[in-house]
Structure formats: structure tokens, C-alpha cells
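Below: the structure, in C-alpha cells.
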Amino acid sequence: MASKMGKTVWLVCCLALALHQPEVHAFGRGAPDSACLSMLPGHGTDAQSSPSPYSIVLAPIENGNGRRLVNVTITSQGNADFAGFIIQARPENSDNPVGTFEVRQEGAKAHTCGSGLKNSVTHTDKNPKRKVELIWEAPADYDGHVIFNASVVRDYSTFWTGIKSAPLLVRRTATGVEYETSSKKPTTRIPYQTTISSTQRPVNPQSENQVSHPIFEGCNSIKGCFGWPSNCVASKSCRVLVTYMFKGSAYEFELFADDRVWAAAAFSDDKIMGDDSVMECAYEEDKGEVNTYVSWNDSPNPGKGNHRVESDLTVLEKSYKDKQLYCRFSKPRVSTIEGVTFDLDKHYHLFIAAGTDFKGNRLGYHQSERDLTAEKISLADIQAAKGASKILVHLHGAFMVAAWIGAASIGILLARYFKKTWVGSQLCGKDQWFAWHRVFMIFTWCLTVAGFVIIFIEIGGWSSADNPHAILGCITTGLAFIQPFMAALRPAPNTPKRPLFNWLHWLVGNLAHIFGIVSIFFAVLLPRAELPEWMNWILVGFVAFHVFMHFIFSVGFSILITSCVTLIIIF
């Protein structure tokens with residue numbers, strides 16, 4: 001009986017908990033999809049019939065660079081905080097949202113309702129808000145009135161709907177947007193407010209003394225931006241830059257390069273160039289004009305360049321002034337190149353590059369001016385894209401330099417010139433020269449193998465570029481890898497096969513050293529290494545120093561041998 005009573009109490013408690021959870025169903029992360037048309041939060045209660053303490057304030061953005069932009073603010077009157085909201089811009093006689101929103105603060109996110117993209121905005125948390133600031137862009141092909149319609153939630157059971165702005169007249173004029181406030185007032189149960197400010201804040205304000213290309217205006221606020229070198233967008237110092245935004249039924253891009261004659265951006269499913277759709281902006285000096293192209297980055301030999309295909313770009317603006325290259329164009333959301341379909345609504349890695357020469361009708365090879373996004377990005381999201389981490393590339397380079405310029409060079413000198421001289425003391429039961437030779441060679445082996453593995457992890461496969469660095473590196477690693485195993489199998493001294501081992505050990509070690517140094521020379525030419533050209537002179541200096549040390553030790557060793565022979569003759 002007690003057991004049955006316990007089960008009954010347990011069931012009643014569970015039922016009570018299941019029924020008593022009104023706050024759990026509050027949409028703390030935003031309005032549900034069902035609110036796209038009804039604008040209702042779906043809390044199971046009726047909207048307030050009293051005048052709303054919230055209003056929509058509109059203000060033009062005068063420096064929109066030809067784009068039709070509007071500042072939209074949901075604000076409260078007095079101390080009336082709110083927790084949630086949804087807002088749309090709708091044509092006067094339609095419930096279908098139009099335009100594109102950009103969120104400028106935390107606690108809100110763009111939301112897509114029906115066709116279009118990011119045509120609504122809702123909250124992301126239930127934290128109290130006093131106002132929300134947004135940017136709305138009119139569709140490229142839109143001409144007519146729109147009314148901003150919002151619902152605002154104070155708490156779970158208290159909310160207002162039908163909060164509307166005055167009609168906004170969108171025309172293709174010099175300023176892009178006209179406001180009409182004296183007629184066609186909206187039918188609404190709440191008061192509204194329309195404000196037109198003559199002194200608007202720039203979307204991305206900058207100092208009057210700061211001089212930069214206009215392309216940087218609005219970066220990561222009204223358009224996405226990705227540039228090289230890393231973190232250059234904030235300082236407006238990019239040598240190469242691509243911007244992107246969704247506009248109407250297409251995507252709009254800008255390409256910029258400083259002191260370069262071409263700039264390009266590519267969409268890729270992976271982090272390796274090849275089988276990619278490329279957009280080009282090029283200043284062709286022989287023609288004296290700037291042109292845009294679409295090309296296909298060939299695979300499996302991306303290092304051999306691109307071949308151009310039929311362009312689907314619509315050029316909006318282009319220029320080459322003071323060695324600054326600039327193109328602005330639009331591209332359809334979906335395109336097919338070489339049988340591969342690219343849907344820009346999906347996520348892609350974005351490559352950027354720039355260069356100073358051409359190969360016929362193809363772009364020339366870029367040097368260090370290139371980068372790619374660390375992750376696949378959505379071109380519809382306005383956010384700061386981060387470049388891929390180069391830590392593995394840097395580790396690979398550091399390991400190989402330490403191995404072949406440092407440890408291997410010292411180890412070879414010890415074995416060649418100290419074998420007969422540094423024998424008066426021992427370390428771990430071995431002559432000092434041999435003990436230290438072995439230490440440096442172990443360092444060389446470990447660093448080489450680690451660097452070899454690291455770069456394959458970073459590249460994700462074999463590099464097919466024309467540069468022979470990869471094949472030389474593999475030869476170096478192979479020779480270095482077998483050296484300790486050869487040493488472990490060396491014959492005993494004074495046996496017939498010992499001279500053969502000595503020559504093979506010497507040959508493999510020196511070949512590995514030579515291939516390693518030559519491979520480092522070719523690494524300077526790799527864009528991924530991002531090394532300056534003067535690095536070659538540092539390498540030349542090392543080679544000269546290494547040869548000089550061989551000469552000094554050889555002369556010293558010869559003098560020592562001569563002295564010993566003289567002493568033997570005397571005595």
C-alpha cells in the first residue's frame with residue numbers, strides 16, 4: 001500500500017511540474033518561425049490594448065556609398081524596459097518582409113522569414129533592453145512605400161503588437177531614400193514617432209586626419225570584410241581586401257589591392273587551392289583599363305594558375321588610381337563553373353590574393369599577399385572573418401631551420417674535425433665528440449620528423465605547386481630518417497665492412513644536409529611562408545660561414561697533422 005502511495009505521489013509531482021512551466025516556453029532566444037506572419041510571441045496570452053510605451057525611430061544614413069540605408073531604432077519611453085521583440089519592413093499592402101537587416105549590437109540577431117535573407121530581427125536573450133539599433137537596406141529593385149512593423153514583449157504575459165513606423169518612401173534618387181511624414185500615416189492602435197536627423201553618425205566613423213580608401217567604410221557593420229595582413233581591417237591598412245554582402249537577389253563584392261595590379265577572391269570547400277571559383281579584378285596596363293573576370297583554379301596543379309571562363313559578374317564600379325586597384329561588382333547567388341555548382345548561400349572558405357604580374361591572359365603567381373579564412377563562412381553574415389592560423393607553418397619552418405642550419409651543421413663539424421682531437425674526456429662512457437655529435441643528430445632527426453608531420457597536417461595533402469620545396473623536403477626527411485638505423489647497424493671498428501659504412505654514413509648525412517639547405521632556399525619563394533626576399537641573403541651568409549668554418553678547421557687540422565709528423569721525424 002505504501003509502495004502504491006509513493007508511486008501516486010511521484011506521478012502527481014511529475015504531472016504538476018509538467019503543467020507548471022510557463023516560463024520554460026518563453027522564447028528566450030528569439031521569436032519562433034510562426035511569428036514571421038502573425039508577429040505574435042505565441043505565449044498563449046492576448047496583446048495589450050493600451051498605448052504602447054515603445055516606438056520605432058527612423059533616420060537616414062547619408063554616407064551609404066550609393067546604398068539605400070536606414071537607421072532603425074526600437075526605443076522605450078520612460079523606464080519601460082523590454083525583453084523580446086520582432087521587427088520587419090513590409091510593403092504598404094503586403095505582409096511579406098522586404099529588405100535586409102544588419103544587427104549593430106548584442107542581444108539581437110537577424111532572422112529570415114519566407115523568401116529573401118535576414119529580412120527580420122529578433123532577440124537572442126531575455127535581458128532587459130532600453131533600445132535596439134539596427135540598419136536596414138532597401139532591396140536593389142524596390143521602389144515604393146515600406147512600413148516597419150514590430151511586436152515588443154515586456155515579460156511573458158505582457159506584450160504589444162502593431163507597433164509601426166510612418167511610411168517610408170523608397171525611391172531611386174540621388175540620396176537613395178526619401179521620407180514621407182506628412183501624409184499616408186499608418187493605421188495603428190499606438191502612437192508612433194518618425195525622426196529625420198540632419199547629422200547622422202557614420203556607420204564606421206573615422207578621424208578626419210585618417211586617410212584610407214572608401215572601401216573600408218562600413219566594414220563588419222554593413223558588409224563583411226576579409227583582408228591581408230592579419231587584423232588589417234580595423235586599422236584600415238590592408239594590402240589586399242575583399243568585402244561581401246547580400247543585396248537583393250545577388251551578392252555584392254568589392255576587391256581592393258594596394259600597389260598591386262590584380263586582386264582575386266576564391267570560394268573553396270577546403271583549405272587547398274584547386275577546384276575553386278575565382279573572381280578577378282585586374283589592371284591591364286597594355287589596355288590601360290581595369291577589368292573583372294571569373295576563372296577556375298585548376299586541380300591538381302593549382303600552382304600553374306587559373307583559366308578564365310564566362311563571366312557572370314555585373315560590374316558596378318572600377319578604378320586604378322595612385323596604385324590602388326578597386327572593383328565593385330555583383331554575382332548571382334548560384335553559378336556553375338566547370339560542372340561544379342557554387343551556391344553562395346552555403347558556407348565556403350574564402351581565399352584572397354594579389355600580385356604584380358600576369359602570365360598571358362592569366363594572373364601571375366602571388367607572393368606573400370594571400371590568406372584564407374580559418375573556417376568556412378556565410379557570405380550573408382556580417383562579421384569579422386578570421387584568417388587561418390599559421391602556427392603549424394611557422395613551427396614547420398622553425399623546426400627545419402633549427403634542424404638543418406643549427407643542429408645538423410654543428411653535428412657534422414664535430415664528426416669531421418673533432419673525431420681525433422676531442423678524445424681526452426668522456427660523456428656517458430663515450431668520447432666527447434661522439435656524445436655531442438649523437439645529441440645534435442638526435443635533435444636533427446626529431447625536429448625533421450616533427451616538421452614533416454606538421455606540414456602534412458596543415459596542408460592536408462601533397463602540394464602540387466611548381467616550387468620543388470616539397471619534393472626536396474621529402475628527400476631530406478627520407479635520408480635523415482634512415483641515418484640512425486644505419487648507425488645502429490654499423491660494423492665494429494677494424495672490420496672489412498667498416499670503411500664502406502663510413503663512406504655511406506658520410507654520403508647520406510651530407511646529402512641530407514645539402515638537400516635540407518637547398519629546400520630552405522626554395523621555401524623563401526613560397527607564399528605560405530610569408531618570408532621577405534632578403535631572407536635569401538641570410539641563407540647565403542650562413543652557407544658562406546659554414547664553408548669558411550670548414551676551411552678554418554681543415555687548415556687547422558692539416559697544421560696539426562704536419563706538426564705531429566714533424567715531431568715523429570725528430571724523435
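The values are calculated or read from the model by the stated rules, or taken from the named source; none is laboratory data. Only a predicted model underlies this, so the values are computations on that prediction, with no experimental measurement involved. Virtual Cβ from ideal backbone geometry, glycine too; neighbours counted across all protein chains shown.
Determine whether the stretch 72-85 contains at least one residue that is touching a His at 6+ places or on another chain (Cβ under 9 Å) and either among the aliphatic types (A, V, I, L, M) or modelled with pLDDT under 65 (or both).
Scanning the stretch 72-85 turns up at least one residue that is touching a His at 6+ places or on another chain (Cβ under 9 Å) and either among the aliphatic types (A, V, I, L, M) or modelled with pLDDT under 65 (or both).
Give the stretch 89-98 a look and list any residue that's in a loop (DSSP other than H, G, I, E, B) and at pLDDT 85 or above, or say none.
Hits for the stretch 89-98 are Asn96, Pro97, Val98.
Among the residues of the stretch 142-160, write down those that are modelled with pLDDT of 90 or more and surrounded by fewer than 23 Cβ atoms within 10 Å (Cβ to Cβ).
Within the stretch 142-160, Ile147, Asn149 meet the criteria.
In the list Phe545, Phe456, Phe501, which residue meets the criterion of being part of a helix (DSSP H, G or I) and touching a Lys or Arg at 6+ places or on another chain (Cβ under 7 Å)?
Working: Phe545 fails: touching a Lys or Arg at 6+ places or on another chain (Cβ under 7 Å); Phe456 fails: touching a Lys or Arg at 6+ places or on another chain (Cβ under 7 Å).
After applying the criteria, what remains is Phe501.
Yes/no matrix, rows are residues, columns are (1) modelled with pLDDT of 90 or more; (2) over 33 Å from the mean Cα position of the chain (by Cα); (3) not basic (Lys, Arg):
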{"position": "Asp466", "(1), (2), (3)": "no, no, yes"}
{"position": "Phe485", "(1), (2), (3)": "yes, yes, yes"}
{"position": "Arg490", "(1), (2), (3)": "no, yes, no"}
{"position": "Asn494", "(1), (2), (3)": "no, yes, yes"}
{"position": "Ile520", "(1), (2), (3)": "yes, no, yes"}
{"position": "Leu525", "(1), (2), (3)": "no, no, yes"}
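Taking the stated definitions as given, is Gly248 closer than 30 Å to Pro97 by Cβ and in contact (Cβ under 8 Å) with a residue 24 or more places away in the chain? Before the answer, list the steps.
On the way: closer than 30 Å to Pro97 by Cβ: yes; in contact (Cβ under 8 Å) with a residue 24 or more places away in the chain: yes.
Answer is yes for this residue.
Taking strands (runs of 3 or more DSSP E) that do not extend beyond the stretch 318-428, which have at least 2 residues that are of a type in the set (A, V, I, L, M, F, W, C) and surrounded by 15 or more Cβ atoms within 10 Å (Cβ to Cβ)?
Qualifying strands (runs of 3 or more DSSP E): 324-332, 349-355.
Looking for whichever is crowded, with 19+ Cβ neighbours inside 10 Å, without any contact (Cβ under 8 Å) to a residue 40 or more places away in the chain and not in a loop (DSSP other than H, G, I, E, B) here; the options are Phe101, Phe85. Which one fits? Spell out how you get there, then give the answer.
On the way: Phe85 fails: without any contact (Cβ under 8 Å) to a residue 40 or more places away in the chain.
Among Phe101, Phe85, only Phe101 is crowded, with 19+ Cβ neighbours inside 10 Å, without any contact (Cβ under 8 Å) to a residue 40 or more places away in the chain and not in a loop (DSSP other than H, G, I, E, B).
Modelled with pLDDT of 85 or more and among the basic types (Lys, Arg): which single residue out of Lys386, Lys376, Lys419 fits that description?
Lys376
Among the candidates Ala398, Ala403, which residue alone is more than 30 Å from Glu285 (Cβ to Cβ) and touching a residue at least 60 places away in the same chain (Cβ under 8 Å)?
Ala403 is the lone residue from the list that is more than 30 Å from Glu285 (Cβ to Cβ) and touching a residue at least 60 places away in the same chain (Cβ under 8 Å).
Test Glu92 against the stated conditions and say whether it is among the charged types (D, E, K, R), in contact with a strand residue (DSSP E or B) (Cβ under 9 Å, 6 or more places away or on another chain), farther than 21 Å from Phe159 by Cα and not assigned by TED's automatic domain parsing to the domain that holds Cys327.
Spelling it out, Glu92 is indeed among the charged types (D, E, K, R), in contact with a strand residue (DSSP E or B) (Cβ under 9 Å, 6 or more places away or on another chain), farther than 21 Å from Phe159 by Cα and not assigned by TED's automatic domain parsing to the domain that holds Cys327.
So Val524 passes all but one of these: (1) closer than 22 Å to Phe434 by Cα; (2) free of Cβ contacts under 8 Å to residues at least 24 places away in the same chain; (3) not aromatic (Phe, Trp, Tyr). Which condition number does it fail?
(1)
With respect to Asp275, is the statement that it is within 14 Å of the chain's Cα centre (by Cα) and among the acidic types (Asp, Glu) true?
Against the criterion (within 14 Å of the chain's Cα centre (by Cα) and among the acidic types (Asp, Glu)), Asp275 does not qualify.
Quick check on my filter: what residues within the stretch 414-433 are in contact with a Lys or Arg (Cβ under 8 Å, 6 or more places away or on another chain) and of a type in the set (Phe, Trp, Tyr)?
Within the stretch 414-433, just Trp433 meets the criteria.
What are the residues in the stretch 341-358 that are more than 21 Å from the chain's Cα centre (by Cα) and modelled with pLDDT of 90 or more, if any?
Hit for the stretch 341-358 is Thr341, nothing else.
Taking strands (runs of 3 or more DSSP E) that fall entirely within the stretch 240-300, which contain at least 2 residues that are at pLDDT 90 or above and among the polar types (S, T, N, Q)? Quick ask: steps written out before the conclusion?
Values: elements: 240-247, 250-258, 262-268, 276-284, 289-297.
Output list reads 289-297.
Can you name every residue in the stretch 513-541 that is under 16 Å from Ala402 (Cα atoms) and not in a helix (DSSP H, G or I)?
The one that is under 16 Å from Ala402 (Cα atoms) and not in a helix (DSSP H, G or I): Val524.
Consider Val453 carefully, then state whether it is surrounded by fewer than 18 Cβ atoms within 10 Å (Cβ to Cβ) and under 24 Å from Leu372 (Cα atoms).
Spelling it out, Val453 is indeed surrounded by fewer than 18 Cβ atoms within 10 Å (Cβ to Cβ) and under 24 Å from Leu372 (Cα atoms).
Each row is one residue, and each column tells you yes or no for (1) within 14 Å of Phe246 (Cβ to Cβ); (2) in contact with an Asp or Glu (Cβ under 8 Å, 6 or more places away or on another chain).
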site: Ile87; (1), (2): no, no
site: Asn93; (1), (2): no, no
site: Val98; (1), (2): yes, no
site: Glu102; (1), (2): yes, yes
site: Gly107; (1), (2): no, yes
site: Ala110; (1), (2): yes, yes
site: Ser115; (1), (2): yes, no
site: Asn119; (1), (2): yes, no
site: Thr124; (1), (2): no, yes
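Can you name the residue in the stretch 209-239 that is among the hydrophobic types (A, V, I, L, M, F, W, C) and farther than 18 Å from Ala265 by Cβ and, of all such residues, is surrounded by the most Cβ atoms within 10 Å (Cβ to Cβ)?
Ile222
Give the residues of the stretch 104-124 that are exposed (fewer than 14 other Cβ atoms within 10 Å of the Cβ) and closer than 22 Å to Gly42 by Cβ, sorted by residue number.
At the first step, the residues of the stretch 104-124 found to be exposed (fewer than 14 other Cβ atoms within 10 Å of the Cβ) are 105-106, 114-115.
Gly114 - this is the single residue of the stretch 104-124 that is exposed (fewer than 14 other Cβ atoms within 10 Å of the Cβ) and closer than 22 Å to Gly42 by Cβ.
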